[in-house]
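Data block below; observations after.
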Amino acid sequence: MICLSCTETSIDANLQIINKNREFIDLVEIRVDFLNSSEYDGLHTIPDAAGLPCILTFRKPADGGINTSISNEERVAVMLKALEGGWRYIDIEDDADTDAELQLMKAAEAAGTRIILSFHDFTGVPANLAERMIENSKGDRYIPKAAVMPESTADLLRIFDAHRQLSDMRSGSQGFSCTNGPLLSDYILVGMGSVGVPSRIMASAWGGMLTFCSAGSTEAAPGHISPAELVNVYNYNALSGESIVLGIIGNPVMHSRSPNIHNAAIKSNSLDAVYLPFETDQPELLLSHSAELGLRGLSVTIPHKQRVKGLADSIDNSVQAIGACNTLVCNSSTNEWRGYNTDWIGFLKPLEGMELENRKALVIGAGGAARAVVYALVKQGMDVLIVNRSSEKAISLAADFGCRGGGFELLDDTDDCFPLVVQTTSLGMEPNIEDNPVPGFDFSGVETAYDIIYTPEKTAFLASAESAGCRIINGFPMLKAQAVEQFRLFTGCVME
Ligand code: NAP
């Protein structure tokens with residue numbers, strides 16, 4: 001289930017957001033700590049007005065609540081009064097022990113409102129996560145909930161493990177005696193922050209009751225995704241523990257457009273799979289846990305393209321030659337990972353139909369992406385000149401591929417005309433869109449100017465080439481085409 005956390009300051013504004021997102025959500029959580037206190041008297045009207053099961057939550061400041069000016073007694077009194085509205089659930093922190101809090105819990109049970117007994121850890125993932133949740137279930141009297149902050153992939157895997165322990169317990173597969181009914185039927189477990197995003201997308205698939213999301217002006221907790229994105233991009237409701245997991249590893253990775261591209265292809269091919277963003281500094285942990293996670297394929301981005309080459313069980317020739325791996329595919333029978341490079345294939349795609357063999361190309365930049373570009377151009381039989389700010393890198397790259405290279409001054413010494421000029425540095429990328437590594441470059445108008453940057457659509461480099469009459473190509477077709485090849489390697493299916 002998808003639960004929309006409502007964090008507006010008025011009841012009306014919350015209802016508007018609920019109505020806007022109704023098609024995507026199954027229930028709503030009203031975060032009373034975000035509401036203006038003048039709204040408290042109207043709280044009981046919300047469940048009827050929302051027309052969906054509602055969770056009443058008045059979070060304490062210590063657990064992330066934002067109303068710091070109210071006393072605990074007043075907070076509890078507001079919830080007690082609101083209960084008459086017929087709330088399906090109430091969220092109460094697991095350290096609640098004052099008389100007023102215990103009275104609130106009794107009143108909730110008497111009103112038929114199910115108690116979610118929660119705890120929050122904004123500093124990490126506690127070692128006893130599953131045990132504490134099982135304890136909080138009190139023999140299935142309450143729904144235990146934990147929201148924790150994974151700082152690393154090791155932490156994310158601890159959340160996954162806790163899901164497994166809790167799910168096993170629910171199904172009795174750990175041999176727990178359930179003669180007096182289940183020890184645990186429902187639980188809620190999510191990881192916050194960007195590292196925790198996969199656990200939000202997989203919350204139900206891994207066994208939890210729901211995931212939380214935000215759609216208003218404020219994020220209720222770090223790492224919330226919008227309800228539309230959960231449904232339209234990640235196909236949340238169709239995911240299960242059987243779904244194949246694909247994803248992208250990098251740091252940072254949340255800006256990546258790859259989840260949109262791959263999940264759209266998963267949908268159009270009707271595959272039981274999902275493509276997740278894994279912000280990680282520990283790619284080796286994801287590779288070694290592939291069987292448990294159902295992980296079958298990974299796109300690799302900065303800063304891991306070189307490092308994962310050594311983590312794969314085998315690598316394709318292109319990875320060996322380029323020295324970087326942007327795709328990892330897991331063999332489901334042996335759980336062995338093979339590394340590929342699809343950047344060079346993607347790079348060539350928009351050049352299809354252009355005569356390349358025995359013609360001259362200029363490559364600006366000598367970083368990781370330039371290696372794939374030079375490999376592709378040399379493979380097509382082009383005569384390549386590489387220029388780079390750090391001349392030694394250009395010289396070394398040129399030596400690896402049998403071409404010429406050096407500093408930008410080489411451009412002053414050459415009369416060559418280049419039918420193809422490729423910009424591969426990060427200069428001109430958002431937000432520094434005015435930057436151009438070769439601002440004075442003298443385009444004659446016959447060149448094809450190709451910038452592998454895809455944000456912005458037209459870099460300063462491409463704008464100057466276009467104004468000279470050149471054909472221009474930006475980095476998006478390359479990104480798309482390398483993803484098409486990755487998707488084929490991951491699934492054997494075609495990405496339209
Ligand atoms: P990288 O390995 O870090 O290389 C960066 C390159 O930019 C180096 O040549 C570096 O020169 C140069 N550079 C950086 N700052 C500079 C400055 N102030 N002046 C002059 N040159 C400068 O990065 P990468 O992985 O090659 O990525 C480069 C770009 O390609 C990024 O914008 C990335 O988004 C894009 N890309 C696009 C695709 C796609 O599918 N379209 C795929 C991969 C990458 P030095 O060697 O002198 O530092």
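Here, each number is a calculation from the coordinates, and none is a lab measurement. Everything numeric in this text was worked out from a predicted model, so none of it was measured. Here the Cβ positions follow ideal geometry from the backbone for every residue, glycine too, while neighbour counts run over all protein chains shown.
Below, the figures for the structure above:
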quantity	calculated
Cβ crowding within 10 Å averaged over residues, with 324-334, 253-263 ranked highest first	324-334, 253-263
Burial ranking of peptide ranges 157-165, 63-71, 401-409, 303-311 (average Cβ count within 10 Å, highest at the top)	157-165, 303-311, 401-409, 63-71
Cleavage-rule hits (GluC sites (Glu not before Pro)) in region 256-355: DSSP loop, at most 11 neighbouring Cβ within 10 angstrom	352, 355
Calculated from backbone phi, Karplus (6.51, -1.76, 1.60) coupling profile of region 418-423 in Hz, x at Gly/Pro	10, x, 10, 10, 10, 9
Cα-centre dipole for region 13-96 with unit charges at Cβ (Lys and Arg positive, Asp and Glu negative), debye to 20	260 debye
Nearby aspartates and glutamates by direct alpha-carbon distance to residue 349 (threshold 12 angstrom, same-chain neighbours under 8 apart not counted)	485
12 Å reach of a label modelled at residue 260, 7 Å along Cα-to-Cβ, counting backbone N of region 199-231	229
R0 of 51 Å, Cβ-Cβ distance residue 62-residue 488: FRET efficiency to nearest 0.05	0.50
Qualifying trypsin sites (Lys or Arg not before Pro) for region 434-496 [loop in DSSP, other Cβ within 10 Å: at most 15]	458
Entries of 60/106; 145/267; 60/81; 267/480 with Cα pairs more than 28 Å apart	145/267
Label-point separation in nm, residue 352 to residue 291, each point 7 Å along Cα→Cβ	4.0 nm
Contour minus Cα-Cα distance for residue 389 and residue 467 (0.36 nm per residue)	25.6 nm
